Amino acid sequence: MNFRQRLEHDAQNIFLNVDFFAEVVELNGMRVKAVRGASAAYPMGVVGGSLPERSITLHLAEVDLPEGVDLHREVSFQGERWAVEGLEPQCGMVRLELARRGW
């Protein structure tokens, strides 16, 4: 097994294992395993406009990325509408950055 294959294997079996780091989340109507990364909350008016903004980073397997999730599109995450601000494939994984304005 080469390094890339080992990395993909570990991502699936350790990093995305719900017994270790991952959790099951709802993304565009599908239940997928993901690891929540950085999240932030900005008060009203700090980012622009008058509503507060929240952001979150998710890491999930590239093969688990639901259809319709693409850069600068709206997605459903945990029953709320979020905007895709970043989408970066990384060795069989995807780093997904989501942002949401409002309460």
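The values are calculated or read from the model by the stated rules, or taken from the named source; none is laboratory data. Given the structure is predicted, the values throughout are model-derived calculations rather than measurements. So basically every Cβ, Gly included, is an ideal-geometry build from the backbone, and we count neighbours across all protein chains shown.
Quick notes on this one:
- For segment 32-46, the candidate set comprises residues that are within 19 Å of LEU98 (Cβ to Cβ) and surrounded by fewer than 15 Cβ atoms within 10 Å (Cβ to Cβ); within that set, the residue that is modelled with the highest pLDDT is ARG36.
- Across segment 1-31, the number of residues qualifying as among the small types (Gly, Ala, Ser) and either out of contact with any Ser or Thr (no Cβ under 9 Å at 6 or more places or on another chain) or modelled with pLDDT under 90 (or both) comes to 2.
- Qualifying residues in segment 68-103 (those that are part of a loop (DSSP other than H, G, I, E, B) and of a type in the set (Gly, Ala, Ser)) - the one surrounded by the fewest Cβ atoms within 10 Å (Cβ to Cβ): GLY79
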